[in-house]
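Comments concern the structure below.
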Amino acid sequence: MVAVRTNPEGPVSEAMSFFWIPPNLPGVTITPHQMLATDLGGNCQIYLNNVKVSEDYLLGEINKGFSIIKSFFDSHLPGIAGLVGTMRRIYEHMREYAKQRRAGGKSLIEHPNVALKLGEIATDLEALRNLMYRAAWEIDVAQSSYNYKHNLFWYSAAYAFLKKISWHFCNLATDIYGGMSAAKELPLGEFMKHIFYVRAAGLTFDINRLIACRDYEGRYQKGV
Ligand SMILES: Cc1cc2nc3c(=O)[nH]c(=O)nc-3n(C[C@H](O)[C@H](O)[C@H](O)COP(=O)(O)OP(=O)(O)OC[C@H]3O[C@@H](n4cnc5c(N)ncnc54)[C@H](O)[C@@H]3O)c2cc1C
């Protein structure tokens, strides 16, 4: 499924259309990549060289492809929810670990530098969860209104915040687990691989933030 510019003028939001492109058409080359983590499916470079399809392969209306993209964006929120839950589970494991493991004559959690990292993680997770709930609420409200346009700010802000928090989470968690961080028996390594993999999913971190910033300006008429 490919979004292409079908009107040379105007912003992509008003100038692109979606097509199904059968992979066996002349001019289509697909080069699969082997990824570090494969649980999310494949990844490949797709080259389209003078590929022709008939109008039958058009999805939706011409130049209205953006309406399809925006619905993809809204549907990313459940993925964020799953990752919040995963981080919460690792956090709980980490807290128990910090209570049980002893260093310098006391448990790890009794060392203020370890406790403050756990506190920072807890704060980040609550902030992320609340932003996600707000985004879900905004999407529900907007979708039930008659003139639903899009939820770019709420989707992009929640996704960018997830990316920021999750990388920082790995940073802090590595310090708490110390030399055990990369042990397969602990949950952090798999999570890091997953987070690394999704970093550029649903657009890159920069583009998530740029979209959020632009939409916020238009949506609330406030400077950012
Ligand atoms: C797990 C996963 C799942 C994915 N699933 C899908 C999917 O289902 N469907 C799909 O179509 N794609 C999918 N993607 C692709 C994903 O949308 C792209 O990887 C992402 O949009 C970034 O594009 P790119 O990889 O070409 O990076 P590039 O565009 O090459 O970006 C590289 C760098 O340049 C910056 N940059 C690029 N363009 C601009 C610009 N205009 N302004 C400012 N900075 C810019 C980026 O921010 C980044 O820092 C998936 C990717 C991953 C990792």
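Does E110 satisfy the criteria of being of a type in the set (D, E), modelled with pLDDT of 95 or more, under 30 Å from Y216 (Cα atoms) and surrounded by fewer than 18 Cβ atoms within 10 Å (Cβ to Cβ)? Outline the logic, then answer.
Values: of a type in the set (D, E): yes; modelled with pLDDT of 95 or more: yes; under 30 Å from Y216 (Cα atoms): no; surrounded by fewer than 18 Cβ atoms within 10 Å (Cβ to Cβ): yes.
So E110 fails the test.
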- Message: Considering only the stretch 119-126, I want to know if a residue exists there that is loosely packed, with under 12 Cβ neighbours inside 10 Å and at pLDDT below 95.
- Response: no
- Look at G105 and say whether it is small (G, A, S), farther than 15 Å from I176 by Cβ and either in the same structural domain as A182 (by TED's automatic domain parsing) or modelled with pLDDT of 95 or more (or both). yes
- Does any residue of the stretch 24-36 turn out to be among the aliphatic types (A, V, I, L, M), under 22 Å from K163 (Cβ atoms), in contact (Cβ under 8 Å) with a residue 40 or more places away in the chain and surrounded by 11 or more Cβ atoms within 10 Å (Cβ to Cβ)? yes
- Mind checking which residues of the stretch 150-174 are in contact (Cβ under 8 Å) with a residue 60 or more places away in the chain and not aliphatic (A, V, I, L, M)? H150, N151, F153, Y155, S156, Y159, S166, F169
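For the stretch 168-186, indicate whether the set of residues that are out of contact with any His (no Cβ under 6 Å at 6 or more places or on another chain), on the phi > 0 side of the Ramachandran plot and assigned by TED's automatic domain parsing to the domain that holds I121 is non-empty.
Filtering the stretch 168-186 for residues out of contact with any His (no Cβ under 6 Å at 6 or more places or on another chain) gives 168-186.
The next check asks that each one be on the phi > 0 side of the Ramachandran plot; those that pass are 178.
Filter again for assigned by TED's automatic domain parsing to the domain that holds I121, leaving 178.
Yes; the residues of the stretch 168-186 include at least one that is out of contact with any His (no Cβ under 6 Å at 6 or more places or on another chain), on the phi > 0 side of the Ramachandran plot and assigned by TED's automatic domain parsing to the domain that holds I121.
For S17, indicate whether it is farther than 26 Å from V198 by Cβ, polar (S, T, N, Q), surrounded by 12 or more Cβ atoms within 10 Å (Cβ to Cβ) and in contact with a Lys or Arg (Cβ under 6 Å, 6 or more places away or on another chain). Don't jump to the end; show me each part of the working.
Details: farther than 26 Å from V198 by Cβ: yes; polar (S, T, N, Q): yes; surrounded by 12 or more Cβ atoms within 10 Å (Cβ to Cβ): yes; in contact with a Lys or Arg (Cβ under 6 Å, 6 or more places away or on another chain): no.
The answer is no for S17.
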- Message: Can you confirm whether F196 is surrounded by fewer than 17 Cβ atoms within 10 Å (Cβ to Cβ), under 11 Å from the mean Cα position of the chain (by Cα), in the same structural domain as L125 (by TED's automatic domain parsing) and modelled with pLDDT of 95 or more?
- Response: no
- Task: Find all pairs meeting these conditions: Cβ atoms under 6 angstrom apart; at least six residues apart or on different chains; first residue within the stretch 68-92 and free of Cβ contacts under 8 Å to residues at least 12 places away in the same chain; second residue among the hydrophobic types (A, V, I, L, M, F, W, C) and surrounded by fewer than 16 Cβ atoms within 10 Å (Cβ to Cβ).
- Result: none
- Provide a single number: the residues in the stretch 5-14 that are surrounded by 15 or more Cβ atoms within 10 Å (Cβ to Cβ) and within 17 Å of Y57 (Cα to Cα). 1
- Quickly run through the stretch 7-36 and pick out the residues that are away from the ligand (no atom under 13 Å from the Cβ) and within 21 Å of L152 (Cβ to Cβ). N7, G10, S13, E14, A15, S17
- Given N208, N151, N171, which one is exposed (fewer than 14 other Cβ atoms within 10 Å of the Cβ), among the polar types (S, T, N, Q) and out of contact with any strand residue (DSSP E or B) (no Cβ under 8 Å at 6 or more places or on another chain)? N171
- Task: With the checklist (1) of a type outside the set (F, W, Y); (2) modelled with pLDDT of 90 or more; (3) within 22 Å of L152 (Cβ to Cβ) in hand, flag the one item S71 doesn't pass.
- Result: (2)
- Message: I'm trying to understand the selection: among the residues of the stretch 47-84, which are over 16 Å from N151 (Cβ atoms) and loosely packed, with under 12 Cβ neighbours inside 10 Å?
- Response: Y47, N49, N50, K52, S54, E55, D56, E61, G82
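The values are calculated or read from the model by the stated rules, or taken from the named source; none is laboratory data. Just so it is clear, the structure is predicted and the values come from calculations on it, not from any experiment. Positions of Cβ are generated from backbone atoms using ideal geometry, with glycine treated the same way; all protein chains shown enter the neighbour counts.
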